[in-house]
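**Q** There's a structure below that I have some questions on.
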Amino acid sequence: LRRGDAYALATSSDADVVYFAYGSNMNPTTFERVRAMRPTSSTPCVLRGFELAFNVPGVPYVEPAFASVVARDGAECHGVAHGVTRDEWEYLVTTEGSYDVVDVDCEAYDGRKLRCKTLTHRTLKNFGERAPSLRYATLLREGARFHGLDEAWIARLDAMETYEPGELDLGQRAALALSVGPTLLAAASAAGAAAAKRLSEGDGR
């Protein structure tokens, strides 16, 4: 994956919503191929006052945590501002599940200000933060390179610790089964409802 500096700038006139992506949705494999999103523009930018955090519970022993952003003075998070339609945005929010929507001000690498929406997650008291899986971290690293994000930010993503699952014992397998079942059912329900809505409105995706 490589896109470098050849990117389109997001403006309020060419999209219904400008969405700041900082996790796997930076990666076109996830955002365009898996989610079938067709951004009208994708702009490398920085969000100040927020820090990248892996505080979203995932699947134990497989995907320990997913990404979010947490408000923190002096911090910054680099990502991509995608221009999307209102329907695409509603679909994204539905399928992401437990995130909250917040309005934020981002700065494009050319200095322009972008008013965006992004997704945050409430840190669970007994969860804190975990290292992401190597698979998930690779999606972020590839997405950052594809969109030509700041070299220091890419170096930070490259240097972060990742989780690599080992062989599970019987107790761990039981815990995995108990956690994955409800998660998959909830995700399937949300995705199914969103897909049904699109089909009913004549969206072939």
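**Q** When you scan the stretch 152-171, do you find a residue that is more than 22 Å from Val84 (Cα to Cα), at pLDDT below 95, under 19 Å from the mean Cα position of the chain (by Cα) and open to solvent by 70 Å² or more (accessible area, probe 1.4 Å), even just one?
**A** no
**Q** Report, by residue number, each residue of the stretch 131-147 that is in contact (Cβ under 8 Å) with a residue 24 or more places away in the chain and farther than 11 Å from Met26 by Cβ.
**A** Ala131, Pro132, Ser133, Leu134, Arg135, Tyr136, Ala137
**Q** Take the residues of the stretch 66-113 that are in contact with a helix residue (DSSP H, G or I) (Cβ under 8 Å, 6 or more places away or on another chain) and β-branched (Val, Ile, Thr): which is farthest from Arg38 (Cα to Cα)?
**A** Among residues in the stretch 66-113 that are in contact with a helix residue (DSSP H, G or I) (Cβ under 8 Å, 6 or more places away or on another chain) and β-branched (Val, Ile, Thr), the one farthest from Arg38 (Cα to Cα) is Val101.
**Q** Now a separate question. Mind listing whichever residues of the stretch 105-120 are part of a strand (DSSP E or B) and over 12 Å from Gly79 (Cβ atoms)?
**A** Passing the criteria: Asp105, Lys113, Arg115, Lys117, Thr120.
**Q** Run down Val34, Val46, Val101 and say which single residue is modelled with pLDDT of 95 or more, farther than 24 Å from Gly128 by Cβ and among the β-branched types (Val, Ile, Thr). If you could, list the steps in order and put the result at the bottom.
**A** Details: Val34 fails: modelled with pLDDT of 95 or more; Val101 fails: farther than 24 Å from Gly128 by Cβ.
Answer to the check: Val46.
**Q** Out of all the residues in the stretch 59-104, which are of a type in the set (Val, Ile, Thr) and either in a strand (DSSP E or B) or touching a residue at least 60 places away in the same chain (Cβ under 8 Å) (or both)?
**A** Here is the first cut: in the stretch 59-104, the ones of a type in the set (Val, Ile, Thr) are 59, 62, 69-70, 80, 84-85, 93-95, 101-102, 104.
Of everything in the stretch 59-104, those that are of a type in the set (Val, Ile, Thr) and either in a strand (DSSP E or B) or touching a residue at least 60 places away in the same chain (Cβ under 8 Å) (or both) turn out to be Val59, Val62, Val69, Val70, Val80, Val84, Thr85, Thr94, Thr95, Val101, Val102, Val104.
**Q** I need the full set of residues from the stretch 117-147 which are among the polar types (S, T, N, Q) and modelled with pLDDT of 95 or more, in order please.
**A** Within the stretch 117-147, the first condition is being among the polar types (S, T, N, Q), and the residues that meet it are 118, 120, 123, 126, 133, 138.
Selection gives Thr118, Thr120, Ser133, Thr138.
The values are calculated or read from the model by the stated rules, or taken from the named source; none is laboratory data. Just so you know, these numbers come straight off a predicted model, no measurement behind them. In this analysis, Cβ positions are derived from the backbone assuming ideal geometry, glycine residues included, and neighbour counts consider all displayed protein chains. Please note that ligands, DNA and RNA were not included when accessible areas were found on the heavy atoms of the full protein model with its side chains. Shrake-Rupley method; radii C 1.70, N 1.55, O 1.52, S 1.80 Å.
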